[in-house]
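The values are calculated or read from the model by the stated rules, or taken from the named source; none is laboratory data. Note that this is a predicted model, so its numbers are computed, not measured. No Cβ is skipped: glycine too gets one built from the backbone with ideal geometry, and neighbour counts run over all protein chains shown. Surface areas here come from the heavy atoms of the whole protein model, side chains and all, with no ligands, DNA or RNA. Shrake-Rupley method; radii C 1.70, N 1.55, O 1.52, S 1.80 Å.
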Amino acid sequence: MATVDLATIGVTEANELLRRYGVEGEDVEVVNPDARHHIGVGLTAPIALRVRGSAGYFCAGLTDGPRVEVDGNVGWGLADNMLNGSVVVRGNAGAIAGVAIRGADVVVHGNLGSRAGQVMKAGTLCCGGSASFMAGYMMYGGRLVICGDSGEQVGQDMTGGTIYVGGKVVSLGTDAALAELEPGEEDDVLAFLGRYGVPFRGQLKKITNAGRNLRYSRTEPRVRAIPFHAAADRTDYWNAKVQEDIHVKAQIGRYRIRGYGATRPLPHLNDLAFRRDLGSVEPDPDVVSKVELATSLGGRFGATPIELSMPVMIAPMSYGALSKSTKIALAKASTLSDICDNSGEGGLIPEVREAARRVVVQCLGGRLGWSVNAMRQADGVEIYISQGAKPGLGGQLMAAKVTEEIARLRGIPAGIDLRSPSRHPDVLGADDLVIKVEEFREATGWQKPVSVKLGAGRVRDDIKIAYKDGFDYVCLDGLQGSTGAAGNEVLEYVGIPTLAGIMEGLDALEEIGATGMPVVLMGGIKDGIDTAKAIALGAHGVAVGTSAIIAGGCIACLQCAVGQCVVGIATQDPRFEGRYDVDAEAWHIHHYLEALRWQLASVVHAHGYRSVYELSRGDLVALTPEAAEITRLPYEPDHAERALAGAAGLAGVGAGHGLPRGEVTG
Amino acid sequence: MCGIAGILYKQDEDAPLGDALVAMLDGCQHRGPDSTGFALYHERNGDELRLRFFVGEGEEAGETVARIERKLADFEAGIVERERIGTTQRFTVRYTGDLQELSYALEHAAKLISIGHSLDIVKDVGGAHDVDRAYHVGAFHGTHGIGHVRLATESDVTPDRSHPFWATGFADVAIVHNGQITNYWKMRRRLEKRGFEFHTDNDSELIAVYLADKLAQGVPLADALRDSIDDLDGTFSFLVSTQEEIGYAKDRLAAKPMVMYEDDDLVAIASEEVSLNRLFPGRSLTTVEPPPGTYRTWRRST
């Protein structure tokens, strides 16, 4: 057995050693741990690890296979997202022990802190003592065994799984209910306790989900689709969309769910123009070869950066909201255009990993489909805090789209209306987030960029936190961003516009003298002109979601949530998905991205610049008083006509110019 | 957005308080790299009051000090000792008049950090070791104290926005807080109507004044903490210290961490166990995480 002494080396170095011992199959003892965080994080070998003392946050977090024993106590987030293996703690555990575990045995001989087993999916979390407030909060599966008393609101918002309590049940959470034990069930639990030497004598009570809240009580009636262009009417009262909304509410008695983002007119990049007259610029088919668009993201702390052939990424969209075919087409297009894809919520599926040259994997509050293995496979790791379409709220995936396969990937019961948690179990403030970022760094050996996705809400504070908490880059998403499903009111009225978001974000970074943390802007970016304007304002790049989907056949009918997408994009029904031609749409998306590249290059070239990053605020004017107020750019409405002519000129040539057509091999 | 720590030595009047708090705060500095602060208590010396002010640097500092001295003279507070250190000026004075009146008057003359018969607050931008180097916190011996590391979000990174917060107008009450009080303005207006003054927009100052007001009315600290859990909305884990006691209160949602260790000699409380372990390197401690919605106080056993 090898020994690692934390009195002489730091945790990062120790974890590197642990991984090496893991490869060699040698068991390890950690001495002088002194409650330090991240001990054993990212260990994916079936070795035994003995911690001779207390461990801090995320002990044995993001692991697959080790057998860990801790002689003392542990801090928050014990065995975070552990897939296989076991952890035994002799003392007490802090809050959210066993958070998001997906199959391990996690045994705490003492007491459990608050919210034990939050969003756990499978495996067993057990304590010999008592559990505090909200044990089993939002659990999706597995079993939680509490030999002592359970605190208030046990099983709050649980969806699946079973909780056993040996002592007193202080109070039950919403939609949790006491149930009869099946024959043999008690023996199973007792055998588990016997196996780990947890003494217990008494009668087990069983708590399961009461099933009252797994689906919306009334489904929305099918209505005639009102497409985006009709929804975005000039009046924002009593138009077709408002009337439809009222009709539906009259039927179901609650807010309604739809896809896409805000449809009302908002100040946007259209309201800016280039000072220079781009209308007189001669189109140049070879312009792309004459400017520098390539960039990279993520090297702020020594990770391997993500290389991009142009400052554009595919925005995060989940397999779930989108069909697998659509995810594969996006991945292929990202490879053809040599940029970077993103998994969105729900995990990185093998087909996407295979098709995308580069892909970022997202971690959301529900930890659906999230694992250390996905982190290792990805080229970057991203913490989703919120998104522009619905800042502060979690995703919704209606039962029609929660298939057996998607449920299995996400570790949830099939056929529920999945309402993802709106916050992370282990991030209740900037102080927790900094430790979470460290955990990700430890799990990936500081090799993968770690980014954060922020919906534009309280941008000024949030982006400062992102800088201080040590992210590599920020994806900032404005109100014009879309989503697969959210309440209509939220989509229209919650959040702030993309233009206001980027200004607030850049101002805030300047306020604290923050440099070197790039901002990727998203939310209504539709072409190379928008991209050029965003970069001129100070963004490092953009991400495109909706426009890529439209390039791949979306008709913007706003019915994404229903699950019967007629073009096979926002559906999991094989009848509809069968209509989607993956290779053809991959090429369409690729062509769109190349048109974007050509436009962007043309704008850069027309200014006489060599690099896209020579664009600056000085090149821009505002066409409306609102946009001038938001951006502090000079208000010059006379530029409007020229700007239109310029956009027309740049759009006329280049799209599809000389593009090869052929097999997509990824 | 921060980390907190506190320690009370049950018998020792001359314990290595400064060293202990520097180590504990260094242990959780990752929770707040922007600024660090200490509220340190020593045995009371008769009517002697310790006052500490932010005075800045250079010429401006000279003018501020002169202004403070005039104000002290107005109140017939005799200066016993003075020391300029870092960006602060400390006075020890003899004063027996109305304390709230004096402190409000001084507040209007300069940025007052703390007043106390036992209390001294040291806080500045930077880490625990930075502040220790500038103010020699480690050399401070005493009875009990609390400390704080801050990650600034809403308000700027300046020394006066750092913790701990002194309960403006009340001697010897200090607080460190991790979390966010969401009914801040409502509570503040209520206290302002009763004549209390606030000198920052930081929600932690509110907790300090709220508790000090109760203490001044003769409410025991434990009862004041119990009431605070009902009266304050939001997320909080906070530590409060007075001349004789320290205590904690924790919100009902258990959103902010806190862990404590107690033996015959001392009680130590911190956001994370890693801070407690700094006091006892190499030892596995028996610690307790206070349940949500709880409070407790400890008094020196003299």
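Observations on the structure shown:
- A dipole drawn for the range A:2-209 from +1 and -1 charges on Cβ atoms has a positive end, and of A:208, A:150, A:81 the residue lying farthest that way is A:150.
- About its Cα centre, the range B:46-117 has a charge dipole of approximately 160 debye under the convention of +1 per Lys or Arg Cβ and -1 per Asp or Glu Cβ, with nothing else charged.
- Inter-centroid distance (Cα atoms) of the range A:81-160 relative to the range A:549-571, Å: 39
- Rg and Dmax of the range A:510-598, based on Cα coordinates, read 16.6, 54 Å.
- Between chain B and chain A, roughly 2300 Å² of accessible surface gets buried, counting both sides and using a 1.4 Å probe.
- Protein-only accessible surface order, largest first, of A:613, A:635, A:473 at 1.4 Å: A:635, A:613, A:473
- Across the options B:86, B:62, B:110, the greatest Cα extent toward the positive end of the charge dipole of the range B:46-117 (unit charges at beta carbon of Lys, Arg, Asp, Glu) belongs to B:86.
- Spin-label pair residue B:139/residue A:195, simplified geometry with 7 Å Cα→Cβ offset, distance in nm: 6.1
- Positive-end residue, the protein assembly as shown charge dipole about Cα centroid, Cβ charges, pick of B:216, A:349, A:57: A:349
- Heavy-atom accessible area per residue - the range B:46-117, 1.4 Å, Å²: 47
- Sites residue A:399 and residue A:230, calculated FRET efficiency, Cβ-Cβ separation with R0 35 Å, nearest 0.05: 0.80
- Across peptide B:270-283, the average count of Cβ atoms from other chains found within 10 Å of a residue's Cβ is 5.
- Placing pseudo-labels 7 Å out from each Cα toward the beta carbon at residue A:246 and residue A:638 gives an inter-label distance of 4.6 nm.
- The range A:168-189-the range A:520-546 distance, computed between alpha-carbon centres (Å): 52
- Working note: Debye formula, equal point scatterers on the alpha-carbon atoms of chain A, no solvent; log10 I(q)/I(0) at q = 0.07, 0.10 Å⁻¹ is -0.48, -0.93.
- Net charge of neighbours whose Cβ lies under 15 Å from the Cβ of residue A:507, counting Lys and Arg as +1 and Asp and Glu as -1: -2
- When each of the peptides A:77-84, A:14-21, A:550-557, B:165-172 is scored by how many other beta carbons lie within 10 Å of its residues on average, the order from highest to lowest is A:77-84, B:165-172, A:550-557, A:14-21.
- For the range A:149-194, average projected area of the Cα convex hull in nm²: 3.5
- Modelled spin-label separation between residue A:174 and residue B:43, with each label point placed 7 Å from Cα along the Cα-to-Cβ direction: 5.7 nm.
- Among B:77-83, B:224-230, the peptide with the highest mean count of other Cβ atoms within 10 Å heads the list, and the full ranking is B:224-230, B:77-83.
- Measuring r between the beta carbons of residue A:255 and residue B:265 and using R0 = 60 Å, the FRET efficiency lands at 0.55.
- Distance between the range B:69-130 and the range A:392-442 - C-alpha centres, whole angstrom: 51
- Placing unit charges on the Cβ atoms only, positive for Lys and Arg and negative for Asp and Glu, gives chain A a dipole magnitude near 1260 debye about its Cα centre.
- Placing +1 on the Cβ of every Lys and Arg and -1 on the Cβ of every Asp and Glu, with nothing else charged, gives the range A:23-137 a dipole about its Cα centre of roughly 400 debye.
- Spherically averaged projected area of the range A:2-209 from its Cα convex hull (nm²): 9.6
- Accessible surface, per residue, of chain A when the full set of protein chains is kept, probe 1.4 Å, Å²: 35
- Bridge type composition, the protein assembly as shown - antiparallel percent by DSSP, nearest 5: 55
- The mean number of partner chain beta-carbon atoms within 10 angstrom of a residue's beta-carbon across peptide A:93-99 is 2.
- Carbon and sulfur %, accessible surface of the protein assembly as shown computed with the full protein complex present, 1.4 Å: 49
- Legend: no residue in the range A:137-167 is shielded by at least 40 square angstrom of accessible surface upon adding the remaining protein chains to the isolated chain (1.4 Å probe, heavy atoms).
- Peptide B:286-293 is shielded by partner chain Cβ atoms: per residue, an average of 6 of them sit within 10 Å of its Cβ.
- Principal axes of chain B: Cα extent on each, largest first, Å: 53, 41, 39
- Remark: the residue A:213-residue A:460 segment gains 85.3 nm on full extension, using 0.36 nm per residue and subtracting the alpha carbon distance.
- Set of lysines with alpha-carbon distance to residue A:464 below 25 Å, sequence-local pairs under 8 removed: A:390, A:436, A:448, A:453, A:533, B:123, B:256
- When only alpha carbons of the range B:46-117 are considered, Rg and Dmax amount to 11.1, 34 Å.
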